[in-house]
Amino acid sequence: MKERLARLKTVRKLIKTYRIESQETLLGHLQKEGFIVTQATLSRDLKLLKVGKISDGHNGYVYSLPGEDERQETERTYIHDFLRGYVSIEWSGNMVVIKTYSGHSDSVALAVDNLSLDDVLGTIAGRDNTVFVCLREGITGEDFIRRMKESIPELED
């Protein structure tokens, strides 16, 4: 986990520092920094960081990180979707079940996925009103709730 966080921090730094036009170029920079990753892993990292491409003004495109305002607005949207859709949260060990209002399971699962909680391995949205959240080994439901409240202070007990 620490390696992933360090790698994400390095990707951010590289994109801010260099004019990077392709994943191959970024992979090369990462290797120089001591990170050996596959293109698939890098692609997931870029998606997680919400990296986009913008025109460089010279018939090309370069990677760009979202602005802080844009990131905060996107995060607020996910928080709003979560708060609007969830009914209750229960857990057993490292498994969490979030009950939602009918039709809100997809948006609640997407919100959990996009809040970038490193303790979450993944979510599965049920057909209508349930989201299953699998937590990393050693992470409890209490840990999950505490971290959710850090991200979403409005979350009720």
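For SER107, the shell of other residues with beta-carbons less than 15 Å away shows a net charge of -1, using +1 for Lys and Arg and -1 for Asp and Glu. From its DSSP helices (H runs of at least four residues, each -39,500 (n - 2.57)), the chain gives a residue-normalised ellipticity at 222 nm of -15000 deg cm²/dmol. Dividing the mean sequence gap of close Cα pairs (under 8 Å, 6+ apart) by how many residues the range 90-157 holds gives a relative contact order of 37 percent. In the chain, taking the dipole from charged Cβ atoms about the Cα centre, the farthest positive-side position among SER107, LEU14, VAL120 is held by LEU14. Where does the Debye-calculated log10 I(q)/I(0) of the chain sit at q = 0.17, 0.18, 0.19 Å⁻¹, using only Cα point scatterers of equal weight, no solvent? One equal scatterer on each Cα of the chain leads to -1.02, -1.08, -1.14.
What is the angle, in °, between the Cα long axis of helix 105-114 and the longest principal axis of the Cα atoms in the chain? Nearest 10 is fine, range 0 to 90. In the chain, helix 105-114 runs at an angle near 40 degrees to the longest axis. A 1.4 Å probe run over the range 68-157, with the rest of the protein chains in place, finds 59 Å² accessible per residue.
Where the accessible area of the range 8-157 is counted over protein heavy atoms with a 1.4 Å probe, how much of it, in %, is carbon and sulfur? Within the range 8-157, the accessible surface is 49 percent carbon and sulfur. For the residue pairs LYS13/LYS53; LYS50/LYS149; LYS13/LYS47; LYS16/LYS149, the alpha carbons lie more than 19 Å apart in LYS50/LYS149; LYS16/LYS149.
To the nearest 10 degrees, how steeply does helix 141-151 sit against the main Cα axis of the chain, on a 0 to 90 scale? Result, in degrees: 60. Placing unit charges on the Cβ atoms only, positive for Lys and Arg and negative for Asp and Glu, gives the chain a dipole magnitude near 600 debye about its Cα centre.
Length gained on full extension, GLU150 to SER116: 11.0 nm, using 0.36 nm per residue less the C-alpha separation. Over the range 1-50, the pair-distance histogram of Cα-Cα distances with 10 Å bins from zero comes to 26, 68, 7 percent, rounded to whole numbers.
The values are calculated or read from the model by the stated rules, or taken from the named source; none is laboratory data. This one's a predicted model, so the numbers in the text were calculated from it and none came from an experiment. As a convention, Cβ positions derive from the backbone with ideal geometry for all residues, glycine included, and neighbour counts pool all protein chains shown. Please note that ligands, DNA and RNA were not included when accessible areas were found on the heavy atoms of the full protein model with its side chains. Shrake-Rupley method; radii C 1.70, N 1.55, O 1.52, S 1.80 Å.
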